[in-house]
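The values are calculated or read from the model by the stated rules, or taken from the named source; none is laboratory data. These figures come from a predicted structure and were not determined experimentally. All Cβ positions, glycine included, derive from the backbone under ideal geometry; neighbour counts span all protein chains shown.
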Amino acid sequence: MAFSLPWSLLLLGLLPGPGASRAPTVVTGTLGGSVTLPLQLQDGQQVESISWVCRSVPGAIATVTLVEAGGPDTFHQADSRYWGRLSVVGPDRSLKISHLSWADAGSYRAHVNLRSSRLTHTREYSLHVYEKLTQPHVTMSTRISGNGHCLIILTCVAESRGGTVTYSWTPLGPQTTLSHGGSILSVTLQPGDSALNFTCTVKNPVSNSSSLPILVLPSCSGPGILGSEESVGETVIGTLGKSATLPLEIPVGQEVEKVTWSSRGLVAILQPGPAGEPILVAGNQGPYSQRLSIPCHSYSLQISSLRLQDSGPYRAWITLHSPPINITKDFILHVYEKPQEPKITASSQIMKDGTCFITLACLLDQAGEDVQYSWDPRGQGAVVSHGGTTLSISWRSGVSDSYHCTVKNPVSQSSSSISVKPLCSGSFLPCCLRKEFILFLILGALQIK
């Protein structure tokens with residue numbers, strides 16, 4: 001039975017050809033992970049070959065040729081940035097891309113050639129690549145509004161190099177307002193309101209992560225988040241891996257309800273226990289887990305196994321029963337690592353009059369903060385430069401032969417020494433002078449012969 005021309009054209013129009021305009025299939029992948037572009041062939045279709053194309057790469061990135069008798073497929077990868085990262089999976093020969101990079105995001109097409117038809121069926125895809133989100137951090141600023149209420153502004157910061165990130169906060173209520181796409185939460189509190197703990201959660205299509213709880217009190221000087229740059233207070237020095245105590249004295253005769261310790265978030269809460277002795281009721285979770293203790297008969301806070309990240313501002317918020325007032329005390333904790341033994345490098349230049357000019361440099365693999373350098377002996381005419389790390393001297397035989405470099409920070413010091421006499425011997429002559437000296441020896445030997 002033959003079809004009329006209009007019917008033939010109608011049937012051809014129902015088949016998806018090379019220019020078929022169907023909505024692309026959106027596929028989401030994780031940076032460094034794998035993703036599959038699903039083909040989903042129709043039952044009964046006899047496929048001859050499949051070509052996978054990426055808009056940003058000329059030509060096909062991969063081709064699959066199917067053997068009619070049911071033998072193994074032939075899979076070919078083009079020499080492109082996808083080399084070694086492509087494979088076909090499943091009975092539909094979907095394309096799997098491994099070790100995803102940012103550059104892999106974009107548009108893809110699968111051109112399916114059937115044995116029973118000369119038409120090419122096309123499937124389109126839109127690949128989006130996201131990275132797993134790390135834990136966000138929250139900063140806080142406060143100001144007093146015109147009606148005397150305290151306005152606390154919490155800003156949630158997510159480190160993301162690409163893609164859309166959504167923000168959410170808990171809890172929300174009539175006292176809170178969201179702005180800037182949800183990344184900023186404004187909280188209005190007044191005296192008498194209860195303290196609140198806020199948590200920021202960031203989310204993208206492949207992951208989500210939440211911040212540590214942030215304590216917000218109904219006061220613009222409460223113990224929530226402290227700004228590390230502007231905070232001032234009593235300085236406490238600690239050594240990496242050791243313990244440090246933030247000393248807190250309670251006014252004589254005062255009855256304590258609780259003491260809240262905070263830094264970039266809640267650190268610990270101390271309350272009177274049996275017989276009035278302070279006990280730790282919160283603070284055994286998060287970055288300070290199993291590292292907090294209370295010195296005997298005190299509301300001071302001791303932090304053990306110190307880390308460099310522990311450096312920063314701390315605040316003790318003292319809530320008294322009688323009289324019912326709040327007292328704050330601020331601290332700045334500095335954690336230092338003991339400096340390693342420094343290395344001394346040297347260069348020298350010998351002049352014709354026998355004077356030897358020497359430059360010594362004192363180096364540390366990891367200098368850290370607040371490191372000071374000193375040299376001994378300095379001697380007359382010695383020049384110290386580059387923050388104390390470099391010593392320049394003119395040396396003659398008969399003066400001090402050994403020079404010492406000492407590095408010091410607030411918790412420790414370490415020294416190294418070097419003998420400069422070998423630097424000014426013939427073996428350390430500059431290259432040009434050594435050549436002249438060798439030539440002189442050769443000429444002398446020729447004259448002897």
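Points worth noting:
- The set of residues in the range 34-59 that are within 30 Å of K132 (Cα to Cα) and part of a strand (DSSP E or B) comprises V35, T36, L37, W52, V53, C54.
- Those residues of the range 248-285 which are under 17 Å from S304 (Cβ atoms) and either of a type in the set (V, I, T) or surrounded by fewer than 16 Cβ atoms within 10 Å (Cβ to Cβ) (or both), in sequence order: V267, N284, Q285
- For Q46, the criteria (1) of a type in the set (S, T, N, Q); (2) surrounded by 13 or more Cβ atoms within 10 Å (Cβ to Cβ); (3) over 30 Å from V206 (Cα atoms); (4) in contact (Cβ under 8 Å) with a residue 60 or more places away in the chain hold in every case but one, which is (2).
- Qualifying residue in the range 83-97 (condition: assigned to a strand (DSSP E or B) and touching a Cys at 6+ places or on another chain (Cβ under 8 Å)): no
- Some residue of the range 194-210 being more than 26 Å from A282 (Cα to Cα), at pLDDT 90 or above and assigned to a loop (DSSP other than H, G, I, E, B): yes
- Odd one out for P72 among (1) surrounded by fewer than 18 Cβ atoms within 10 Å (Cβ to Cβ); (2) at pLDDT 85 or above: (2)
Every residue, every condition in (1) modelled with pLDDT under 90; (2) of a type outside the set (V, I, T), yes or no:
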position: V27; (1), (2): no, no
position: G32; (1), (2): no, yes
position: V35; (1), (2): no, no
position: P38; (1), (2): no, yes
position: V47; (1), (2): yes, no
position: S51; (1), (2): no, yes
position: P58; (1), (2): yes, yes
position: T63; (1), (2): no, no
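- Per-region count, the range 235-258, residues at pLDDT below 85 and assigned to a strand (DSSP E or B): 1
- Verdict on V407 being β-branched (V, I, T) and under 25 Å from Y336 (Cα atoms): yes
- Qualifying residue in the range 291-299 (condition: free of Cβ contacts under 8 Å to residues at least 40 places away in the same chain, among the aliphatic types (A, V, I, L, M) and under 11 Å from A244 (Cα atoms)): yes
- One residue stands out in the range 300-322 among those that are in contact (Cβ under 8 Å) with a residue 60 or more places away in the chain and more than 28 Å from the chain's Cα centre (by Cα): the one that is surrounded by the most Cβ atoms within 10 Å (Cβ to Cβ), namely A316.
- Strands (runs of 3 or more DSSP E) enclosed by the range 103-179 - at least 1 residues per element that are modelled with pLDDT of 90 or more and either in the same structural domain as L212 (by TED's automatic domain parsing) or closer than 30 Å to S51 by Cβ (or both): 106-114, 120-130, 166-170, 176-179
- Flag if K408 is at pLDDT 90 or above and not in a strand (DSSP E or B): no
- Taken together, the residues in the range 281-296 that are assigned to a loop (DSSP other than H, G, I, E, B) and among the hydroxyl-bearing types (S, T, Y) amount to 1.
- Whenever a residue of the range 364-393 is in a loop (DSSP other than H, G, I, E, B), its partners that are at pLDDT below 85, lying with C-beta atoms within less than 6 angstrom and at least six residues away or across chains, give the pairs P377/S400.
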